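K.L.:
My structure is below; once you've seen it, I'll send some questions.
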Amino acid sequence: MIWWLKVRRAHLVLPGSLLMYAVLLLALNGRSFMMPTWSASTVQTRLTLFVPLVVTIGLALCMESRLAAPELSGVRSVNRLDICMSAVSTLGALLLGALLSFLADSPEFATAGRNSAFLSGLFLVAWPALREAAALIPAAWIFVVMLAGYRSPLDAYPWAIIPEPVDRPHAWTVAFLAFLVGIFVQGRTMQKESL
């Protein structure tokens, strides 16, 4: 396990990314900018929509820090450790978002936690096929939503997920499903690589 931690740098990268996530949420809370879109004239976009990328990029950095030959030939499987790392990263973002939302009485923080689960799920689904480039998929999703995800300046389409308010059950359901599918794909891919 010590070898795995040193190679993945999970003991440094994940706490660092979660700390940066919390700092950026607090710093950007309530701030937004006007963005021209295809579907609505302009949309007021919250800057906290971008903050979950910090968690996803931290996870991507850890996932790509690997030594393939020793991992494939080793006696101890690292599959479970990698899956736990993904789960801990996302759970940490969810809990931080919930805690900050409770302390600051701001639903934006809880929404950021939900969005971290969704974007991490997108990354994990794309990772087997795209490897390093899979980290671009969550960022691309955010930009697609900003450009085409709004019916009107204050009303996002339900498929957009990330700009949905915290009280939308479909957004939570899709976020958790995306994350669970990502974990499943991650586990299946690692099993195939180890065979």
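K.L.:
Of the numbered conditions (1) more than 20 Å from Gly58 (Cβ to Cβ); (2) surrounded by fewer than 20 Cβ atoms within 10 Å (Cβ to Cβ), Arg131 fails exactly one; give the number of that condition.
P.N.:
Of the numbered conditions (1) more than 20 Å from Gly58 (Cβ to Cβ); (2) surrounded by fewer than 20 Cβ atoms within 10 Å (Cβ to Cβ), the odd one out for Arg131 is (1).
K.L.:
Working only within the stretch 138-168, note down all residues that are surrounded by fewer than 19 Cβ atoms within 10 Å (Cβ to Cβ) and among the β-branched types (Val, Ile, Thr).
P.N.:
Matches in the stretch 138-168: Val144, Val166.
K.L.:
Just one of (1) within 19 Å of Cys84 (Cα to Cα); (2) modelled with pLDDT under 90 trips up Asp155, so point out which.
P.N.:
Condition (1) is where Asp155 drops out.
K.L.:
Follow-up. Being of a type in the set (Lys, Arg), closer than 27 Å to Val23 by Cα, open to solvent by less than 20 Å² (accessible area, probe 1.4 Å) and modelled with pLDDT of 90 or more, is that true of even one residue in the stretch 105-115? Walk me through how you get there before you give the answer.
P.N.:
Within the stretch 105-115, the subset of a type in the set (Lys, Arg) is 114.
Next, from what is left, pick out any that are closer than 27 Å to Val23 by Cα: 114.
Applying the additional criterion that residues be open to solvent by less than 20 Å² (accessible area, probe 1.4 Å) yields 114.
Applying the additional criterion that residues be modelled with pLDDT of 90 or more yields 114.
There is at least one residue in the stretch 105-115 that is of a type in the set (Lys, Arg), closer than 27 Å to Val23 by Cα, open to solvent by less than 20 Å² (accessible area, probe 1.4 Å) and modelled with pLDDT of 90 or more.
Per-residue answers, yes or no, for (1) surrounded by fewer than 18 Cβ atoms within 10 Å (Cβ to Cβ); (2) more than 16 Å from Tyr150 (Cα to Cα); (3) touching an Asp or Glu at 6+ places or on another chain (Cβ under 9 Å); (4) among the acidic types (Asp, Glu):
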site: Leu18; (1), (2), (3), (4): no, yes, no, no
site: Val23; (1), (2), (3), (4): yes, yes, no, no
site: Gly30; (1), (2), (3), (4): yes, yes, yes, no
site: Phe33; (1), (2), (3), (4): yes, no, no, no
site: Gln44; (1), (2), (3), (4): yes, no, no, no
site: Leu53; (1), (2), (3), (4): no, yes, no, no
site: Leu59; (1), (2), (3), (4): no, yes, no, no
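K.L.:
Hey, among Leu91, Leu122, Leu99, Leu95, which residue is buried (at least 16 other Cβ atoms within 10 Å of the Cβ) and at pLDDT 95 or above?
P.N.:
Working: Leu91 fails: buried (at least 16 other Cβ atoms within 10 Å of the Cβ); Leu99 fails: buried (at least 16 other Cβ atoms within 10 Å of the Cβ); Leu95 fails: buried (at least 16 other Cβ atoms within 10 Å of the Cβ).
Answer to the check: Leu122.
K.L.:
Then there is this: Enumerate the pairs (first residue in the stretch 143-158 and within 8 Å of Thr37 (Cβ to Cβ) and in a strand (DSSP E or B); second residue anywhere and small (Gly, Ala, Ser) and modelled with pLDDT under 90) with beta-carbon separation below 7 Å, excluding pairs fewer than 6 apart on the same chain, so at least 6 apart or on different chains.
P.N.:
Close Cβ pairs (under 7 Å, with a partner that is small (Gly, Ala, Ser) and modelled with pLDDT under 90) amount to Tyr150/Ser39; Tyr150/Ala40; Tyr150/Ala156.
The values are calculated or read from the model by the stated rules, or taken from the named source; none is laboratory data. All values derive from a computational prediction rather than experimental measurement. In this analysis, Cβ positions are derived from the backbone assuming ideal geometry, glycine residues included, and neighbour counts consider all displayed protein chains. With ligands, DNA and RNA removed, areas are computed over all heavy atoms of the protein, side chains included. Shrake-Rupley method; radii C 1.70, N 1.55, O 1.52, S 1.80 Å.
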